[in-house]
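Asker: Structure provided below as structure tokens; questions to follow.
Every number here is computed from the coordinates shown, using simple stated rules; none is lab data. Being a predicted model, the structure only gives us computed values, none of them experimental. Quick reminder, even Gly has a Cβ in these numbers, built from the backbone with ideal geometry, and neighbours come from all protein chains shown.
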Amino acid sequence: MTTVAVNLTHGLQPLFGTHDENIRFLEAELGVTTHVLEDALEVTGEKTSVLRVRDILNDYETLVREGNKFSQVDIKSYLRVLSEDPEVSLLKLVAASRQRSVGQKVLAPRGLNQMRYIEAMDRCDMVFGIGPAGTGKTYLAVAQAVSQLLSKQVRRIVLTRPAVEAGERLGFLPGTIQQKVDPYLRPLYDALHDMLEPDRVERLIEKNVIEIAPLAFMRGRSLNESFIILDEAQNTTVEQMKMFITRLGFGSRAVITGDVTQIDLAVGRRSGLLDAVDVLPRVEGISFQYFNDRDVVRHDLVQRVVRAYERYNQKSLFPAKGGVGHNSQPPTSTSE
């Protein structure tokens, strides 16, 4: 057992939380005990855990001394992330989670996986964001695309989705081809209008600086100096996925998002996203980031619904009496 005394200053007191709830959280998560001395906090436990608590407290004091202010919500969120990932420091977490201005919107990652996702999009030419609805996969990808367009890192944005019918076939729907596919692309329009003024979005679309089109329109093209987003990638076929990722031209970046629990392909058709998860994880320049129910940033009920479906799917995939199901769950680790 190791014991370390961490000097206390007035700046550390908010970190303790109401009735020391944050320190109690660290004790439970890291397996340490603490004792408040006159001018220090004594931490006892396994050496690695004790030093982890010491580093968190020292980083917090440094941040407060530099003028940073944190709400209790911020502190709880940071401590949860720090307890889950021993490789992340509080200094790095706060720096990475600082707000970014994207057009008329100010964004900040909510949690470790969103932070890693944004870092991956900054660093890699191709990023896969895989996880349930409500985790910010598409929204953050559009924000990154708009940010790079406004900073002139790319010359255009291309947003695309597979138009997989969940009911009527496209040919039987009324209207022009654009009117037929617009409902499939509406989430992409919504994200754009959240970050840019509506008239500006329309001007950029008219000038073809922003292109929103179904995946079939990508065939035969080579996209240079573009930020390309493929949304709902779980509904691509293997052939479509290969076609899409080979469209990447010079100076371009691609983000591919999808939820492997919501595949709408016909029975017997393998998802191109699942195929990519098997084929591409070790390819240099490609990053896979996985999200789970804890990353859902919608209503709390959405988190509970996602967990319920995950439990149900696990029972279906792994029957109790020795049956064999196809495991479509992605690995839990991040391949950078």
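Asker: Taking a threshold of 30 Å on the Cα-Cα distance, which of the pairs Lys137/Lys315; Lys92/Lys207; Lys137/Lys207; Lys92/Lys242 fall above it?
Answerer: Working: Lys137/Lys315 26 Å; Lys92/Lys207 40 Å; Lys137/Lys207 27 Å; Lys92/Lys242 36 Å.
Listed pairs above 30 Å: Lys92/Lys207; Lys92/Lys242.
Asker: Could you sort the peptides 191-200, 136-145 by per-residue average Cβ neighbour count (10 Å cutoff), highest mean leading? Walk me through the numbers on the way to the answer.
Answerer: Working: 191-200: 16.3, 136-145: 24.7.
Averaged packing, sorted descending, gives the order 136-145, 191-200.
Asker: Let me check against my output: what whole-number percent is the relative contact order of segment 1-58, with C-alpha pairs under 8 Å and at least 6 apart? Write out the running numbers ahead of the final one.
Answerer: Numbers: 75 pairs, mean separation 26.6, N = 58.
Reported as a whole number, the value is 46 percent.
Asker: What dipole magnitude, in Debye to the nearest 20, does segment 2-51 give about its Cα centre under +1 on Lys/Arg Cβ and -1 on Asp/Glu Cβ?
Answerer: Numbers: 2 positive and 8 negative charges, 22 e Å.
The dipole magnitude comes to about 100 debye.
Asker: Using 0.36 nm per residue of separation minus the Cα-Cα distance, give me the extension gain between Glu87 and Asn292 in nm, one decimal.
Answerer: Working: separation 205, 0.36 × 205 = 73.80 nm, distance 1.96 nm.
The Glu87-Asn292 span can extend by a further 71.8 nm.
Asker: Something else: Put +1 on the Cβ of every Lys and Arg and -1 on every Asp and Glu Cβ in segment 204-298; which of Gly285, Val296, Gly220 then has its Cα farthest towards the positive end of the dipole?
Answerer: Gly220
Asker: To the nearest 20 debye, what charge dipole does segment 21-82 have about its Cα centre, counting +1 at the Cβ of each Lys and Arg and -1 at the Cβ of each Asp and Glu? If you can, show how the numbers build up before the last one.
Answerer: Values: 8 positive and 12 negative charges, 45 e Å.
Charge dipole, segment 21-82, about its Cα centre: 220 debye, nearest 20.
Asker: So, counting K/R as plus one and D/E as minus one, what does the shell of residues with Cβ under 13 Å around Lys207 add up to? Please report the intermediate quantities before stating the final value.
Answerer: Working: positive: Arg155, Arg156, Arg200, Arg203; negative: Asp199, Glu202, Glu206, Glu211.
Summing Lys/Arg as +1 and Asp/Glu as -1 gives 0.
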